[in-house]
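Heads up: the structure comes next, in structure tokens.
Coordinate-derived values only; no laboratory data. Just so you know, these numbers come straight off a predicted model, no measurement behind them. Please note: Cβ atoms are built from the backbone with ideal geometry, for glycine as well, and neighbour counts cover all protein chains shown.
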Amino acid sequence: MGNFEESNYEKKILDENGVIELFEKATLNKTSLSLARFGHGEVYIAWNTYPDWILGWKFREYTGSTGSPKELQKEIQHALKICDIAGLHVSSSKNEEDRNCAKETRIMLKELNITPPYVCSAWIAHDLIYNNRFWDWLRQQKVFLVGRRAKEAEVVFKKRGHNIVGTLTLEGYEQIQSVCDNLCEKKEWNVALISAGIPATIITPKLAKASNRVVIDFGHAMDKAIEGNKFNHDKKLQQFNEQKEKDGK
């Protein structure tokens, strides 16, 4: 890894077509490729910028952040070091939180001396689901879906002509290794879409390298693929928390 210029990654950021081209090449050549996204939660935990924020984080179970902050920090930093495409925030965002996250990301990359091979927007998956080229490519693949809503997504994807060969849930940090081992044993898939919060960021490059296949941290794009514009993140979070309280009684 060479020295990282503070703002360098924003100058060479890939758009969705540039990312899809890498997907196409990887599946054509049957080589591994990982796209891991580092959003607010991942960067703040990985860099420990706001320890008070982490300790008071109300979304921990919803995002699968069930490990200790120190262990999560180690794993997220490792994912950033080994992923092929890193989804990062940019300082040109209209959202203040995104701009703050981009600033911390630049500092983190410089201090850790990490230069990701390729960089795209942290919200790239939201762009991909509106790109016909992405769906055309995905229809040619044998796809495995991983996440809380994988079974729901399977129904929707199959109706759209996708070859979904299996699904798995991934609810928390403790399940990462077992899910990775399970998928590595399965031979029928060549692309995995993972929507499982912070565990998705951690498992994506790990699974891609272990299986020699394409693994994409798909995030809320899976929710949007299921619900379309009706998807409401705050509503989904509220429903999750209400169900957890109900189950705890």
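In table form, for the structure just shown:
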{"read-out": "Around Glu152: net Lys/Arg minus Asp/Glu count, Cβ-Cβ under 10 Å", "value": "0"}
{"read-out": "Positive minus negative residues near Gly39 (Lys, Arg vs Asp, Glu; Cβ under 10 Å)", "value": "-3"}
{"read-out": "Separation of the Lys25 and Tyr130 label points, Cα + 7 Å toward Cβ, nm", "value": "2.7"}
{"read-out": "The range 127-143 residues near the modelled Ser92 label - backbone nitrogen below 18 Å, point 7 Å along Cα→Cβ", "value": "127-128"}
{"read-out": "Derived scalar couplings ³J(HN,Hα) [the range 79-95; Karplus, 6.51 cos²θ - 1.76 cosθ + 1.60; whole Hz; x for Gly, Pro]", "value": "4, 5, 6, 9, 6, 7, 10, 9, x, 10, 7, 10, 6, 8, 4, 6, 8"}
{"read-out": "Asn229/Asn163 FRET efficiency (R0 41 Å; Cβ-Cβ; nearest 0.05)", "value": "0.95"}
{"read-out": "Prolate/oblate/rounded call for the range 86-128, Cα gyration tensor, a/c under 1.5 rounded", "value": "oblate"}
{"read-out": "Protection-proxy order for peptides 115-124, 192-201, each taking the mean of Cβ atoms within 10 Å per residue, highest first", "value": "192-201, 115-124"}
{"read-out": "Nearest-0.05 FRET efficiency for Ile13 and Arg139, computed from C-beta distance (R0 25 Å)", "value": "0.40"}
{"read-out": "Net length gained if the chain between Ser68 and Ile107 were fully extended (0.36 nm per residue, minus Cα distance)", "value": "11.7 nm"}
{"read-out": "Between the range 71-141 and the range 27-42, the alpha-carbon center distance in angstrom", "value": "9"}
{"read-out": "Cβ crowding within 10 Å averaged over residues, with 173-180, 218-225, 202-209, 75-82 ranked highest first", "value": "202-209, 218-225, 75-82, 173-180"}
{"read-out": "³J(HN,Hα), Karplus 6.51/-1.76/1.60, whole Hz, each residue of the range 207-219, x for Gly, Pro", "value": "5, 4, 5, 6, 9, 6, 9, 8, 10, 10, 6, 8, x"}
